[in-house]
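Below: the structure, in structure tokens.
The values are calculated or read from the model by the stated rules, or taken from the named source; none is laboratory data. Note that the structure is a prediction, hence the values are computed from the model and not measured. Ideal geometry is used to build each Cβ from the backbone, glycine not excepted, and the neighbour counts take in all protein chains shown.
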Amino acid sequence: MELAPGHLFGLHRVADPQGPQGLFWRNESFDSGQTWTTPEPTAIRSGACPRPRKLRDGRLLLTDGRRKRGNTSSAKSRSPRPALAHP
């Protein structure tokens, strides 16, 4: 997802036997994807079908889950910096 010209945000579901399991991981690029920061875990539990969206005020909203009653979650950033956390 492009946050600003040349600033990309990546969100990943990863199975890393050396790191926290069941969490989304994130990284960023500041040069249009030529190089990326080292992926790091977020505090957000990984779910099915992640859908990140950039809100008008610059914050990010992440929803995930299957379209079944009671099986959807969301997280949003508290500032334009994409440090997603549960509300």
* Filter the stretch 14-36 for residues that are closer than 23 Å to Asp64 by Cβ and modelled with pLDDT under 80; which is farthest from the chain's Cα centre (by Cα)? -> Pro17
* To do: Count, please, the residues in the stretch 21-37 that happen to be part of a loop (DSSP other than H, G, I, E, B) and in contact (Cβ under 8 Å) with a residue 24 or more places away in the chain.
  => 6
* Where residues in the stretch 47-73 are among the charged types (D, E, K, R), at pLDDT 75 or above and part of a loop (DSSP other than H, G, I, E, B), which of them is nearest to Leu3 (Cα to Cα)? -> Arg59
* Does at least one position in the stretch 38-46 carry a residue that is at pLDDT 80 or above, of a type outside the set (Lys, Arg) and in a loop (DSSP other than H, G, I, E, B)? -> yes
